[in-house]
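Reading through the structure tokens given below for one structure.
Rule-based calculations on the coordinates, nothing more; no lab input. The shown structure was predicted, so the numbers you read here are calculated from the model rather than taken from an experiment. Ideal geometry is used to build each Cβ from the backbone, glycine not excepted, and the neighbour counts take in all protein chains shown.
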Amino acid sequence: MKIGIVVYSQTGNTLSVATKLKEKLAAAGHSVALEQVKLVGERKSGSREFQLGSLPDVTPYDVLVIGAAVEAFSLSAVMTKCLGEIGSLEKKSVVCLITQAFPFAWLGGNRAALQMRKLCESKGAAVRGAAVVNWMGKGLDRRIANGVERLSKLVSG
Ligand SMILES: Cc1cc2nc3c(=O)[nH]c(=O)nc-3n(C[C@H](O)[C@H](O)[C@H](O)COP(=O)(O)O)c2cc1C
């Protein structure tokens, strides 16, 4: 089983969770690659004006973990555009990773996860589930560890 982790991370939070997940999956013997969605040029924080760089090639992967942040109570506009353009996800299983600042998933995280699910399903993927990691407040390390644990279980099927 080949696993691809594809993230867009503007300030590094989502990337840090994705990196821990990659380490955990690799330690369990999985073949896993981490790819970042990149932009051409600068993007003003939260702006809808941006240009995607060349998109990650997801064809080699059986399972994809897709990661992005909540922006304005919605899925990051960059990941929304990326998933719109990424091509077919037929026969792929997808696991969603969302990070957000606010301490409750109902303040945007759940909505972003649902948006990601629908976009992936519209490309033919079978979505296994999601983890939302909330950044604000005490106990972040524990929440990250719990998120990585959940994602790793979803990936392992
Ligand atoms: C423009 C903008 C809008 C945001 N809107 C929300 C929001 O509605 N709810 C929330 O919980 N966090 C919000 N955040 C915080 C990010 O979701 C959070 O910091 C996330 O972990 C950033 O991930 P990244 O470092 O991978 O980009 C917002 C951040 C930015 C820059």
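Distance cut-off 19 Å, Cα to Cα: go down the list LYS118/LYS153; LYS2/LYS24; LYS24/LYS153; LYS123/LYS153 and report the pairs above it. The partial results should precede the final answer.
Details: LYS118/LYS153 21 Å; LYS2/LYS24 14 Å; LYS24/LYS153 11 Å; LYS123/LYS153 23 Å.
Violating the 19 Å limit, Cα to Cα: LYS118/LYS153; LYS123/LYS153.
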Notebook entry, point to check: Going by a ≥ b ≥ c, the root eigenvalues of the Cα gyration tensor, does the range 13-82 fall in the rounded group (a/c under 1.5), the prolate group (a/b larger than b/c) or the oblate group?
Noted result: prolate
Item checked: trypsin sites (Lys or Arg not before Pro) within the range 105-157: DSSP coil, no more than 10 neighbouring Cβ in 10 Å -> LYS138
Check: Rounded if a/c is under 1.5, else prolate if a/b is larger than b/c, else oblate: which is the chain, with a ≥ b ≥ c the root eigenvalues of its Cα gyration tensor?
Finding: rounded
Check: How about the range 23-98: which GluC sites (Glu not before Pro) there are in a DSSP loop, with at most 13 other Cβ atoms within 10 Å of their Cβ?
Finding: GLU42, GLU49, GLU90
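Scaled to the compact-protein estimate 2.2 N^0.38 Å, what is the alpha-carbon radius of gyration of the range 70-120, rounded to two decimal places?
Values: Rg = 11.3 Å, N = 51, 2.2 N^0.38 = 9.8 Å.
Rounded to two decimals, the normalised Rg is 1.15.
Shape of the range 55-96 from its Cα gyration tensor (a ≥ b ≥ c, root eigenvalues): rounded if a/c is under 1.5, otherwise prolate when a/b > b/c, or oblate?
The shape class here is prolate.
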Item checked: Amide hydrogen neighbours beyond the local backbone of ALA125, cut-off 5 Å, H modeled -> LEU89
Notebook entry, point to check: How far is it, in nm, from the label point at LEU52 to the one at LYS138 when both lie 7 Å from their Cα along the line to the Cβ?
Noted result: 4.2 nm
Notebook entry, point to check: Points 7 angstrom from Cα along the Cβ direction at LYS38 and SER156: gap in nanometres?
Noted result: 3.3 nm
Next item on the list: Please tell me the relative contact order of the chain in percent, rounded to the nearest whole number, where contacts are Cα pairs under 8 Å and at least six residues apart.
Entry: 23 percent
